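Peer 1: The structure is given below, and queries will be raised subsequently.
The values are calculated or read from the model by the stated rules, or taken from the named source; none is laboratory data. Note that the structure is predicted; figures quoted are calculated from it, not measured. We place every Cβ from the backbone using ideal geometry, glycine too, and count neighbours over all the protein chains shown. SASA here: full protein model, heavy atoms, side chains in, ligands and nucleic acids out. Shrake-Rupley method; radii C 1.70, N 1.55, O 1.52, S 1.80 Å.
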Amino acid sequence: MKILVVEDDRKISTFVSKGLKEQGYVVDVCNDGDEGLNLAMGESYDVILLDIMLPGRDGLSILRALRAEKNTVPVILITARSGLNERVEGLNLGADDYLPKPFYMEELIARIIAVSRRTSGEQLSIVHYCGLTLNMITREVKRGENVLELTSREFNLLELLLRSPGRVYSRTQLLEHVWGYDFDPQTNVVDVYIRRVRSKIDLPNEPSLIETVRGVGYRIRAEG
């Protein structure tokens, strides 16, 4: 899941970004309203955390512009203000939730999961493939009836591959999508994680679900 945090208080944005990354989310952060709108319009996000009071364009203005362009990305408003009118205005403009400061990371993550569930629907939140099941909400992975223990990064890597069976992802693409920032292109971190995921999801004496495309990258093998 890729999240945009638009928050001008750098202490808060750093705290939120660190907490979300520890849960396996890919996070972009900006501290200015105009930049926030450009990112929200130009990139694809699963959730936007949007402060109302921002330098440049304010949060409600960003929300209004997004909805005017039929952009339905879930938006959670975060603000130190407690006025009822502001909350009502934000919700009327199309916000999906509202979280007053200060807040706990556990509550923020619960709200992110909740808005994702409402907007994506349970059916879109579960992927079935070759006896493997991924639940995007609970982040549970099963092979048949066996529950598999994957780390957050392993889960994100497997989810990305399973979303597009047959599509080949280069190592660079996997780094960008799963790790969310630039790595040394010579790093072998992708290959290390692919081996870890294979060791957990594959069945004995059967071909691996994740195929190596020599000289290119990796893909999920065709079903059957």
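Peer 1: In region 157-166, which residues are charged (D, E, K, R) and at pLDDT 85 or above?
Peer 2: Matches in region 157-166: GLU159 only.
Peer 1: What pairs can you find where one residue is in region 172-193 and of a type outside the set (A, V, I, L, M), the other is modelled with pLDDT of 75 or more and part of a loop (DSSP other than H, G, I, E, B), and their Cβ atoms are less than 9 Å apart, with a gap of 6+ or different chains?
Peer 2: Every condition considered, the pairs that remain are GLY180/TYR25; TYR193/THR151.
Peer 1: Let me ask something additional. Of all the residues that make up region 129-160, how many are open to solvent by 50 Å² or more (accessible area, probe 1.4 Å), in a strand (DSSP E or B) and either more than 16 Å from SER208 (Cα to Cα) or in contact (Cβ under 8 Å) with a residue 12 or more places away in the chain (or both)?
Peer 2: Filtering region 129-160 down to residues open to solvent by 50 Å² or more (accessible area, probe 1.4 Å) leaves 138-140, 142, 145-147, 149, 151, 153.
Still in the running and in a strand (DSSP E or B): 140, 142, 146-147.
Imposing the further condition that a residue be either more than 16 Å from SER208 (Cα to Cα) or in contact (Cβ under 8 Å) with a residue 12 or more places away in the chain (or both) reduces the set to 140, 146-147.
Within region 129-160, residues that are open to solvent by 50 Å² or more (accessible area, probe 1.4 Å), in a strand (DSSP E or B) and either more than 16 Å from SER208 (Cα to Cα) or in contact (Cβ under 8 Å) with a residue 12 or more places away in the chain (or both) number 3.
Peer 1: Which numbered condition in (1) under 22 Å from SER61 (Cα atoms); (2) small (Gly, Ala, Ser); (3) at pLDDT 85 or above is the only one that GLY131 fails?
Peer 2: (1)
Peer 1: Got a number for residues in region 206-224 being open to solvent by 80 Å² or more (accessible area, probe 1.4 Å), assigned to a loop (DSSP other than H, G, I, E, B) and under 21 Å from HIS128 (Cα atoms)?
Peer 2: The total comes to 4.
Peer 1: For region 1-90, give me every one of the helices (runs of 4 or more DSSP H) that falls completely inside it and has 2 or more residues that are closer than 28 Å to LEU174 by Cα and among the aliphatic types (A, V, I, L, M).
Peer 2: Details: elements: 10-22, 33-42, 59-68.
The qualifying helices (runs of 4 or more DSSP H) are 10-22, 33-42.
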